[in-house]
Amino acid sequence: MDVYWLEQTLADVPDGNAWLSPSEADELSAKRFAKRRRDWLLGRWTAKNAAALCLGIAKDLQALGEIEIRSKPSGAPEVFLRNEPAPVTISLSHRAGMGACCIAPSHVLLGCDLETIEPHGDAFAADYFTVEEQMFVAKTEPTNRLSLLALFWSGKESALKALCKGLQLDTRSVLVSLRGMPEYQDEIARKPTRPTVLSVQYSSEFTGWNPLQVRAVIGQTFHGWWSQTGHLVRTVVSDPPPDPPILLAQQGCLVC
């Protein structure tokens, strides 16, 4: 199943609000703090561009104003086009001035996340990770542990978004596993065309996607992918299982 991915930065967001719908402009004006306004604008700009590329819509500001990103009661974003639901599902994330949107057909359960690799105290893993995840972190080379912590956290965020729960649920209610962990079971990922990953590998360039899976205690299992560029980790999960995410080119690709 195809899933598409787009990233934008704060520098990509245009001045002015011509690309916002009237209700989005009202929502923006209600936000008091500058950082929240910037993050919100970055997320909306990224989502609208992803939707325009995937739905074959012109990317001029007026056309983007006809695309509206609304919030479901759960808080998950959804796309409307000219006040009608669009046949896509999306997930959004932003971190350190970078915005990401993944997009797929409307029947898909989908979640994505961006995280930066940063120091954490000794209690971080015990507070937020399952026993299995903690054991894998403990066995990982010290130079890779911070990358692994960011990856596990990002995978959890993606799965909780796909469940439309976010951090309402305990992060230990979902188990992230990578190939090389005993918990990892994925017949699809055993195909020869899939890359083999035994541990987190540091990369300074966006070189591709590596498989992961996330299993929830309620029984739902998501399959997905992760990638690392410098100190930025990306994850995306979905049900049904996705092929490696396709980076959206300027011409886009129809998903409906």
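The values are calculated or read from the model by the stated rules, or taken from the named source; none is laboratory data. Predicted model, so just to flag it, every value in this text is computed and none were measured. As a convention, Cβ positions derive from the backbone with ideal geometry for all residues, glycine included, and neighbour counts pool all protein chains shown. With ligands, DNA and RNA removed, areas are computed over all heavy atoms of the protein, side chains included. Shrake-Rupley method; radii C 1.70, N 1.55, O 1.52, S 1.80 Å.
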Exercise. May I ask for the longest run of the chain untouched by trypsin sites (Lys or Arg not before Pro) that are loop-located per DSSP and have at most 15 neighbouring C-beta atoms (other than their own) within 10 Å?
Key: 83-256
Quiz item: Which longest run of the chain has no exposed loop site in it, a site being GluC sites (Glu not before Pro) in a DSSP loop with at most 13 other beta carbons within 10 Å, and the site itself not part of the run?
Solution: 1-186
Quiz item: Which one of Ala30, Leu92, Gly111 is farthest out on the positive end of the charge dipole of the range 1-139, using unit charges on Cβ (Lys, Arg +1; Asp, Glu -1) and the Cα centre as origin?
Solution: Ala30
Exercise. Starting from the amide H of Ile246, placed 1.01 Å from N in the peptide plane, find each other amide H under 5 Å away whose residue is 5 or more places distant or on another chain.
Key: Val3, Tyr4, Trp5
Quiz item: Ignoring ligands and nucleic acids, what accessible area does Met181 show with a 1.4 Å probe (Å², nearest 10)?
Solution: 10 Å²
Quiz prompt | Phi to ³J(HN,Hα) by Karplus 6.51 cos²θ - 1.76 cosθ + 1.60 over the range 164-174, Hz, x for Gly, Pro | solution = 6, 10, x, 7, 5, 9, 4, 5, 7, 7, 10
Self-check item: Tilt relative to the chain, helix 34-55 - C-alpha long axis, 0 to 90 degrees, to 10
Solution: 80 degrees
Quiz item: Counting pairs of alpha carbon atoms under 8 Å apart in space and at least six apart in sequence, what relative contact order in percent does the chain give?
Solution: 22 percent
Practice problem: Leaving out ligands and nucleic acids, note down the accessible area per residue over the chain with a 1.4 angstrom probe, in whole Å². | Solution: 48 Å²
Quiz item: When the helices in the chain are scored as -39500 (n - 2.57) per DSSP H run of 4 or longer and the sum is shared across all residues, what 222 nm value do you end up with, to the nearest 500 deg cm²/dmol?
Solution: -8500 deg cm²/dmol
Quiz item: Each residue of the range 223-233 in order: what ³J(HN,Hα) in whole Hz does its phi give by Karplus 6.51 cos²θ - 1.76 cosθ + 1.60, θ = phi - 60°, with x for Gly and Pro?
Solution: 10, x, 9, 9, 8, 10, 10, x, 9, 10, 10
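What net charge do the residues around Leu6 carry, taking every other residue with its C-beta under 11 Å from that of Leu6, with Lys and Arg at +1 and Asp and Glu at -1?
-1
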Practice problem: Filter the chymotrypsin sites (Phe, Trp or Tyr not before Pro) in the range 18-126 down to the DSSP loop ones having no more than 11 other Cβ atoms within 10 Å, then list what survives. | Solution: Phe33
Quiz item: What fraction of the DSSP beta bridges in the chain is antiparallel, stated in percent and rounded to the nearest 5?
Solution: 95 percent
Quiz item: Accessible area of Thr130, 1.4 Å probe, to the nearest 10 Å²?
Solution: 20 Å²
Exercise. Would you count, across the chain, every pair of lysines whose alpha carbons are under 16 angstrom apart, provided the pair is eight or more residues apart or spans two chains?
Key: 4
Quiz prompt | Rounded to 10°, Cα long-axis angle of helix 142-162 versus longest principal axis of the chain | solution = 50 degrees
Practice problem: Please give the net charge around Pro85, taking every other residue with its beta carbon less than 14 angstrom from that of Pro85, where Lys and Arg add +1 and Asp and Glu add -1. | Solution: -1
Quiz item: Using θ = phi - 60° and the Karplus curve 6.51 cos²θ - 1.76 cosθ + 1.60, what whole-Hz ³J(HN,Hα) does each residue of the range 104-116 get, with Gly and Pro shown as x?
Solution: 8, x, 5, 7, 8, 7, 9, x, 9, 7, 10, 9, 9
